Amino acid sequence: MDEILVKVEQGIVRGSVAENVEGRKYIVFQGIPYAEPPVGDLRFKDPRPPLPWTGIHYAVKKKDKAAQIDSKTGNIIGEDDCLYLNLATNSLSGKKPVMVWIHGGAFSASSGDLDSFGPDYLLKHDIVFVSINYRLGIFGFLNMEVEECPGNQGLKDQVFALKWVQQNIESFGGDKENVTIFGESAGSASVHYHCISPLTTGLFQKAICQSGVVINPWAFQDRNKDFAFEITSALGKKTSDPIEAVRFLRTVASQKVLETQMKVPFKNSTTINIPFLPTLDTKSSNPFLPRPLADLLKEDIKVPLIIGYNSHEGMRFTETQEEMFKSLNNTFEERVAADLNLSDKSNVPMFAKDIKEFYFKKEPITLKERENLIQYRGDYMFANGIQIIVERQMERKTPTYFYRFSYNAESSLLKRIAANVNIEGADHADENYLLFYRPLLGRERQLKMGTKDYLAMERMSKMWCNFAKTGDPTPKIDEVISTKWSPLLPNKKNYLEINNELLSSEDPSKESWNLWKPILQSTNLKYMMNLMTTLIKRSLHLGGITTKPSLSPR
C-alpha cells in the first residue's frame, strides 16, 4: 500500500491506496478523529473538537464501532471511543462534490465502516465520499432533561463531522461548498433532522432521505429517562436524581451498561421497541431540537432534496410463523392502537375496521396474507410519514425529487439469506446493495457486469451522484438514465418509480394514502397534528381526498 499524507487542522493523517472491486485504484482514509473521544466525564455530553496531535495519525484501518448490542448476534460490540470518519477519493486534487453518508440502524446499531458501505460504485462518478460513526443507543440519545445529559448526543456528533468536512475536505480534493448528506432509515431520519435543526445551517447544500423522516413512529420520542432510571437501579444505584444517575452511569463500563439494559424489560405503549431515540433537548445550552417538531417542520427545507421509500419496506419486520398471524388476527384492534400510539381508544374499532378491510378485505389474517401485512407495516412505519413531508414540500420552492424504489434486487441480503422469501419488490434497505460495495460478502457475491443488478447499480449511483454534483438527478438522458425525473410541483406529486426501468409518474400509493391521511389527522400524534391539519385542509381544497377513506385494494 502506498503512503498518502494529508495535513488537516489537527495534524497530519496518513492514508493508503486501495483497489476497488473492478481493479481501479483510489485513496482511502479510515478512522480520522472528528471529535474528542466521549469517554469518562465526557460520556453523555455534547461532543468537543478533536485534540491536535504531533507526528502522523495512521488512518489506514477501521476504528471501533460505537458501543452497541449487535443486531444479529445479541453480543455487545464497540466502544465509547468511536467518533471517527472514513474518507475515499480518486485523487487529492480539484474540488469534487462531497457525499457524506450517515448510516442507519434504529439509532442503536451499525456503523459507517467501509466493509459495509464501500464507496466503489459512487467513486466511479468522481465524488469525495465520507462516512461517519456516531454515538448510539443510551450513549447517543439518553436525555435526563438536565444540561449534564440533554439528549441528541449522536445527532450532535454528526454535526461535528459535518463541521470537520467544512474545515478539512478541500485538502482531500473536495468542495466544501458542494456537500450532500445522505442516509437510509435512521440515517435518513438523521438527514431530515439536519434539514430542520438550527445547528446545521450552512454545513451542507443538498440532502437525500432514503426511507426515513423525523415523523416516522420510530424516529422520535417524548422522553427516555424513566428507562434509564430502571437501568441504573438494576446496576445497583437506586436514585431519582437525574444528575446522580448520570454521574453513576459514567463510572460503569459501556459493556456492563448494555448487558444490564438487555435484562431490564422495556415497557412501551407502542410496537416500536427502541428505548433511546432523538428527543427535544431543550435543557441543552446548545440544543439540536430547541422547539417542538411541529414548529420546526414549519420551516422550509432550504436545500434541494431527494426523498422516497421502498415498495416492500415492511418485509423484514413481518412475521413468518402461522401462529403469529393467528395472534394478530385476534388482536388487530390492540395492534392498531399500539401502532398509532393512541391514548384515546374511542376511534380504534373504526380505524381497525377500515385498515383491515383495505389490506385484507374480508379475509382472516393468515400466513397467505403475508404480503398484505408487509404493505401495512411498511405504510405505517415508513411511507406515511414520508408522504406527509412530501406533501409539505409540494408547497415549497426548494426542488424536491420523490421516488419509490421497487426493484427486485437479486443482491438483496434478506432474499439471499431467507430461502422462503419469494416476494417481488424491494425490502427495507435493498437500495443500499446497489449504492455500496460490500467486501464482507466476498467478491463472488458482488454485482456482475452485464446483469440486471449491475445496470440498476449504474442507474442509482449515477442519479445520486448527478444530484450531488448539480442538484438534478437526471440532467441529461442517455443509455443508462432513460427517463427524466421531474421534481414535485404545487399541484403534481411527481415521482420516479425505480424498477427494472425508470418510470416517471404521479402519486404513488394513492389508495393507501387516501386511507391513512384522515386517520392520522384524527389521532393524538402530537408532533404530527399541526402539520397534518394543514395538509388535510390543502388536500380537501384541491379535491385530492374524500372524507371517507377509499377501501379499494392496493
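The values are calculated or read from the model by the stated rules, or taken from the named source; none is laboratory data. The structure presented is a predicted model; accordingly, all values stated were derived computationally and were not measured. Every residue, glycine among them, receives a Cβ derived from its backbone with ideal geometry; neighbour counts consider all protein chains shown.
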Exercise for the section: Please specify each residue of the stretch 215-234 satisfying the condition of being touching a residue at least 24 places away in the same chain (Cβ under 8 Å) and among the acidic types (Asp, Glu). Expected result: ASP222, GLU230
Practice task
Considering each residue of the stretch 133-178, count those that are more than 18 Å from LEU199 (Cα to Cα), of a type in the set (Val, Ile, Thr) and touching a Phe, Trp or Tyr at 6+ places or on another chain (Cβ under 9 Å), and give that number.
Solution key: 1
Fill in the blank from the handout: Out of (1) within 26 Å of ALA106 (Cα to Cα); (2) at pLDDT below 90; (3) surrounded by 20 or more Cβ atoms within 10 Å (Cβ to Cβ), the one ARG416 does not meet is (3)
Practice task
Determine if the stretch 33-49 includes at least one residue that is farther than 18 Å from LEU142 by Cβ, assigned to a strand (DSSP E or B) and either at pLDDT 95 or above or polar (S, T, N, Q) (or both).
Solution key: yes
Practice task
Go through the residues of the stretch 443-461 one by one and say whether even a single one is in contact (Cβ under 8 Å) with a residue 24 or more places away in the chain, in the same structural domain as ILE388 (by TED's automatic domain parsing), of a type in the set (D, E, K, R) and more than 25 Å from LEU123 (Cα to Cα).
Solution key: no
Handout entry: Criterion: at pLDDT 95 or above and surrounded by 13 or more Cβ atoms within 10 Å (Cβ to Cβ) - qualifying residue of ILE27, ILE56
Key = ILE27
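Can you tell me which of SER461, SER482, SER509, SER550 is modelled with pLDDT under 95 and closer than 30 Å to SER116 by Cα?
Among SER461, SER482, SER509, SER550, only SER482 is modelled with pLDDT under 95 and closer than 30 Å to SER116 by Cα.
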Problem - the stretch 176-202, residues that are in a loop (DSSP other than H, G, I, E, B) and closer than 17 Å to GLY471 by Cβ - result: GLY202
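Rundown of residues vs (1) under 30 Å from MET99 (Cα atoms); (2) under 28 Å from the mean Cα position of the chain (by Cα); (3) assigned to a loop (DSSP other than H, G, I, E, B), yes/no style:
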site: SER233; (1), (2), (3): no, no, no
site: SER240; (1), (2), (3): no, no, yes
site: GLU244; (1), (2), (3): no, no, no
site: ARG247; (1), (2), (3): no, no, no
site: LYS267; (1), (2), (3): no, yes, yes
site: THR270; (1), (2), (3): no, yes, yes
site: PRO278; (1), (2), (3): yes, yes, yes
site: ASP300; (1), (2), (3): yes, yes, yes
site: VAL303; (1), (2), (3): yes, yes, yes
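For (1) in contact (Cβ under 8 Å) with a residue 60 or more places away in the chain; (2) surrounded by fewer than 18 Cβ atoms within 10 Å (Cβ to Cβ), each residue gets a yes or a no:
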| residue | (1), (2) |
| --- | --- |
| LEU51 | no, yes |
| ALA67 | yes, no |
| ILE77 | no, yes |
| GLY94 | yes, yes |
| PRO97 | yes, no |
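Listed here are the residues, each with its yes/no results for (1) at pLDDT 95 or above; (2) outside the structural domain of CYS149 (by TED's automatic domain parsing); (3) loosely packed, with under 12 Cβ neighbours inside 10 Å; (4) β-branched (Val, Ile, Thr).
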position: PHE227; (1), (2), (3), (4): yes, no, no, no
position: THR232; (1), (2), (3), (4): yes, no, no, yes
position: GLY236; (1), (2), (3), (4): yes, no, yes, no
position: GLU244; (1), (2), (3), (4): yes, no, no, no
position: SER254; (1), (2), (3), (4): yes, no, no, no
position: LEU258; (1), (2), (3), (4): yes, no, no, no
position: PRO265; (1), (2), (3), (4): no, no, yes, no
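Being closer than 30 Å to ASN422 by Cα and in contact with a strand residue (DSSP E or B) (Cβ under 7 Å, 6 or more places away or on another chain) narrows it down to one residue among ILE365, ILE374, ILE355; which is it?
Every option except ILE374 fails the conditions.
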Problem - Condition met for ASN90 (assigned by TED's automatic domain parsing to the domain that holds PHE220, out of contact with any helix residue (DSSP H, G or I) (no Cβ under 7 Å at 6 or more places or on another chain) and either at pLDDT below 95 or not acidic (Asp, Glu) (or both)) - result: no
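This table checks each residue for (1) surrounded by 13 or more Cβ atoms within 10 Å (Cβ to Cβ); (2) not in a loop (DSSP other than H, G, I, E, B).
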site: MET463; (1), (2): yes, yes
site: LYS469; (1), (2): yes, yes
site: THR474; (1), (2): yes, no
site: ASP478; (1), (2): no, no
site: ILE481; (1), (2): yes, no
site: TYR495; (1), (2): yes, yes
site: PRO508; (1), (2): yes, no
site: GLU511; (1), (2): yes, yes
site: ASN514; (1), (2): yes, yes
Exercise for the section: Could you please tell me which pairs satisfy a Cβ distance under 7 Å, a separation of 6+ or placement on different chains, a first residue in the stretch 236-259 that is farther than 14 Å from ARG43 by Cα, and a second residue that is of a type in the set (Lys, Arg) and part of a helix (DSSP H, G or I)? Expected result: PRO242/LYS225
Problem - Members of the stretch 260-271 that are free of Cβ contacts under 8 Å to residues at least 40 places away in the same chain and under 30 Å from LYS298 (Cβ atoms) - result: ASN268
Handout entry: Subset of the stretch 316-347 (residues that are without any contact (Cβ under 8 Å) to a residue 24 or more places away in the chain and buried (at least 19 other Cβ atoms within 10 Å of the Cβ))
Key = VAL336, ALA337
Handout entry: Members of the stretch 140-168 that are of a type in the set (Asp, Glu) and assigned to a helix (DSSP H, G or I)
Key = ASP157
